[in-house]
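Scroll down for the structure; my scribbles are underneath it.
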Amino acid sequence: MEFDTRTILVGFLGAVAVLAALLWVVGIDETRRVLGLLSPTALAVILLVGVAWLVTWGLALRRVLGALGVTASAADGFLLYAAAAFANNVTPFGQAGGEPFSALLISRATDSEYETGLAAIASLDTLNFVPSILLALVGLSYYAARFTVGDSVRLVLGVVVLLAVGIPALAYAGWRNRHAVEARIVRLVHPVWSALGRRLPVLDVPNRESVSRRIDGFFRAIERVATSRRDLAVALTYSTLGWLCMCLALALSLWALTPMADVGAAVVFVVVPVASIASITPLPGGTGGVEAAIVLLLVPITGISAATATSAALVFRGATYWFPILLGGGAAAWLEARTGR
């Protein structure tokens with residue numbers, strides 16, 4: 001199980017360039033001055049909130065695995081999700097780039113099939129979408145009721161409503177036609193495997209029937225999760241708690257740098273879910289894109305300075321991106337060492 005280190009290095013160089021451009025536009029000296037207002041105690045608390053987010057989503061992953069008949073302790077759930085977050089954070093395109101690694105790590109750590117691990121992490125990512133949209137809608141509704149709504153807020157509301165309607169509709173259509181989707185995936189995947197097998201003789205290329213069986217196993221695993229209502233309810237609860245932890249991390253970041261009375265606490269319920277969409281950019285964990293999205297949302301909606309918004313974004317990402325990379329890298333190494341492979 002290896003990462004393409006060259007691709008990751010290029011991705012991080014691109015992320016550094018985007019962050020440098022953001023700081024140059026906002027003003028490096030002004031951003032440094034605002035960051036100087038952050039006390040070590042406040043930073044420690046924000047980092048702990050970031051860990052709490054990992055714990056809650058680790059518990060959600062454990063519950064999803066339980067629905068698939070895979071037993072994992074609470075500690076293993078935390079380690080598995082921390083390692084999955086590490087994979088998502090160091091590969092381009094966020095979850096899309098990190099899920100194959102996460103699925104392999106889960107299957108090896110829990111001694112389960114690869115498609116079971118892929119179904120678990122894919123199901124969790126899908127579940128996490130639900131509370132994010134709900135929180136964004138609640139935050140926008142509260143903000144619109146309390147404050148004057150400008151064009152920027154209307155634009156964000158339109159994006160959230162589009163996501164709330166469009167993505168579930170696409171998911172429902174795909175699930176209703178899952179057999180046709182399975183057949184199409186087989187037609188796409190098998191030729192790729194065959195081509196790789198011709199170029200890499202050491203690669204064991206499965207036949208079409210084997211590919212079809214594994215893809216069918218993945219969809220069956222997804223169906224088992226979807227029909228386990230109690231497990232879904234518990235996992236959604238943990239997922240919501242995780243989103244609340246991330247919102248709290250941004251709120252504390254703003255509070256440590258500027259009075260929250262000047263910002264409005266409800267805005268974090270909008271900014272965090274919407275800005276997380278930028279993680280699908282071709283940068284490791286969306287680095288640079290997420291920070292820029294947070295600034296572009298905070299400044300017009302709240303009226304705070306760009307330097308304050310940038311500083312808050314950097315602190316928030318330190319707790320929910322850079323610190324989890326350290327924890328997740330250690331978790332991945334520990335899980336791999338434990339498998340003895």
Q.
I'd like the accessible area for V45, computed on protein heavy atoms only with a 1.4 Å probe and all protein chains in place. Round to 10 Å², please.
A. 70 Å²
Q. Ordering L327, L134, L170 by how much accessible area each has at a 1.4 Å probe, largest first, what is the list?
A. L170, L134, L327
Q. Tell me, what % of the accessible area of the range 292-341 is carbon and sulfur with a 1.4 angstrom probe?
A. 70 percent
Q | Separation between Cα centres of the range 47-75 and the range 293-319, rounded to whole Å | A | 29 Å
Q.
I'd like the accessible area for V274, computed on protein heavy atoms only with a 1.4 Å probe and all protein chains in place. Round to 10 Å², please.
A. 30 Å²
Q. Heavy-atom accessible area per residue, the range 1-141, 1.4 Å probe: how many Å²?
A. 45 Å²
Q | Residue-level accessible surface for T308, protein heavy atoms, 1.4 Å, Å² | A | 20 Å²
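The values are calculated or read from the model by the stated rules, or taken from the named source; none is laboratory data. All figures in this text were calculated on a predicted structure; none of them were measured in a lab. Accessible surface areas use protein heavy atoms only, side chains included; no ligands, DNA or RNA. Shrake-Rupley method; radii C 1.70, N 1.55, O 1.52, S 1.80 Å.
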